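I have placed the structure first, in the form of structure tokens, so that the comments after it can refer back to it.
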Amino acid sequence: MSYAIEAVNLTHYYSKGTIQQVAAIENINLQINKGELVGIIGHTGSGKSTLISHFNGLLKPDSGKILVDGVDIHKDKETLRQSRFKVGLCFQYPEYQLFEETVYKDIAFGPKNMKLSESEIKERVFRAAAFVGVKPEHMEKSPFDLSGGEKRRVAIAGVMSMEPEVLIFDEPAAGLDPRGRKALINLIKEYRKQTGSTVIIVSHSMEDIAEMADKVIVMNKSSVAMQGTVDEVYSRGDELRSMGLNVPEITEIFAKLRAKGIDVPANVYTVEQGAEILRNLMGKGAAK
């Protein structure tokens, strides 16, 4: 069986060969299944961004390897090139990646590099634009004339237009207000549902990850500290706190309710879950 992405004894140093040499990631071994939605969490400096930068070859390992669909992406230049189309990476604040004269050209940049026909490029551009909500009348505008939210949608469409097998988001909701954050989470969930693609999300928001992920990977001190389902990882609250991470606030609230003798579950990780449980609890109270 081949995985969407597999890291084998992956190590990368910064300032290698100098007295400042430090392992950004060290001896990472993990497998991400095809079609999974995986959340990667960890404190600042834990190695999250370095790890995902290896997934499509932006960084080269000092030792170990990355396999995409069972193939070492550094096997040769052409394999590396193709892997960058298979694994799309949306950086934090992706709107800073915009550089073309028009929105159309920006979204078309990836497909053009894939050497697709003009008709296929156009089809992909409009499909990706429609999916993220970029209006047709914006296609010939400069991306720099758009609002911040519209720019982010254009940048995400530019990665989606390559139709990668794996789509990676690094802090996708950074800088967004609650409404924008919710809209983006729903967009990512819908993308995964419609395409069946593997999706990887790096986030500081424990609640966002709880809402979306099938599997959670926790990075700490350049290594994988734990991995498993949301329940398996989030139930280890004390260990997470020792790594500088906090379980969602709603989880803390429900823990306090339980401590007061109120019959509520412990595994509540999103506000939506909590609200539903409290509505049911109040309904039972009214029924009495």
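The values are calculated or read from the model by the stated rules, or taken from the named source; none is laboratory data. Every value quoted in this text rests on a predicted model; they were computed, and no experiment measured them. Don't worry about glycine lacking a Cβ; one is built from the backbone with ideal geometry, like all the others, and counts go over all protein chains shown.
Here are the numbers for this structure:
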{"item": "Unique residue being closer than 30 Å to Val247 by Cα and modelled with pLDDT of 95 or more when the list is His74, His43, His12", "result": "His12"}
{"item": "Filtered residues of the stretch 211-242 (kept if closer than 15 Å to Asn267 by Cβ and either charged (D, E, K, R) or surrounded by 20 or more Cβ atoms within 10 Å (Cβ to Cβ) (or both))", "result": "Glu211, Ala213, Val216, Val230, Asp231, Glu232, Val233, Tyr234, Arg236, Leu240"}
{"item": "Residues satisfying the stated conditions in the stretch 157-199, i.e. assigned to a strand (DSSP E or B), crowded, with 22+ Cβ neighbours inside 10 Å and of a type outside the set (Ser, Thr, Tyr)", "result": "Val166, Leu167, Ile168, Phe169, Val199"}
{"item": "Those residues of the stretch 21-37 which are of a type in the set (Val, Ile, Thr), over 19 Å from the mean Cα position of the chain (by Cα) and either within 13 Å of Pro61 (Cα to Cα) or surrounded by 17 or more Cβ atoms within 10 Å (Cβ to Cβ) (or both), in sequence order", "result": "none"}
{"item": "Residue within the stretch 200-211 that is under 15 Å from Val38 (Cβ atoms), in a strand (DSSP E or B) and out of contact with any Asp or Glu (no Cβ under 6 Å at 6 or more places or on another chain) present", "result": "yes"}
{"item": "Residues of the stretch 65-90 classified as within 20 Å of Thr11 (Cα to Cα) and among the polar types (S, T, N, Q), total", "result": "1"}
{"item": "Members of the stretch 136-151 that are over 24 Å from Ser197 (Cβ atoms) and in a helix (DSSP H, G or I)", "result": "Pro136, Glu137, His138, Pro143, Phe144, Asp145, Gly148"}
{"item": "Val154 vs. criteria in a helix (DSSP H, G or I), crowded, with 22+ Cβ neighbours inside 10 Å and out of contact with any Phe, Trp or Tyr (no Cβ under 9 Å at 6 or more places or on another chain)", "result": "yes"}
{"item": "Those residues of the stretch 65-79 which are free of Cβ contacts under 8 Å to residues at least 24 places away in the same chain and under 21 Å from the mean Cα position of the chain (by Cα), in sequence order", "result": "Ile73"}
{"item": "All positions within the stretch 257-276 that are outside any loop (DSSP other than H, G, I, E, B), without any contact (Cβ under 8 Å) to a residue 60 or more places away in the chain and among the charged types (D, E, K, R)", "result": "Arg258, Glu276"}
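A quick yes/no check of all residues on (1) of a type outside the set (S, T, N, Q); (2) under 22 Å from Ala4 (Cα atoms):
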position: Asp62; (1), (2): yes, yes
position: Thr79; (1), (2): no, yes
position: Gln82; (1), (2): no, yes
position: Cys90; (1), (2): yes, yes
position: Tyr96; (1), (2): yes, no
position: Glu101; (1), (2): yes, no
position: Asp106; (1), (2): yes, no
position: Gly110; (1), (2): yes, yes
position: Met114; (1), (2): yes, yes
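To keep it simple, each residue is scored yes or no on (1) among the aromatic types (Phe, Trp, Tyr); (2) out of contact with any Gly (no Cβ under 8 Å at 6 or more places or on another chain); (3) modelled with pLDDT under 90.
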| site | (1), (2), (3) |
| --- | --- |
| Pro178 | no, yes, yes |
| Lys193 | no, yes, no |
| Met206 | no, yes, yes |
| Met219 | no, no, no |
| Val224 | no, yes, no |
| Gln227 | no, yes, no |
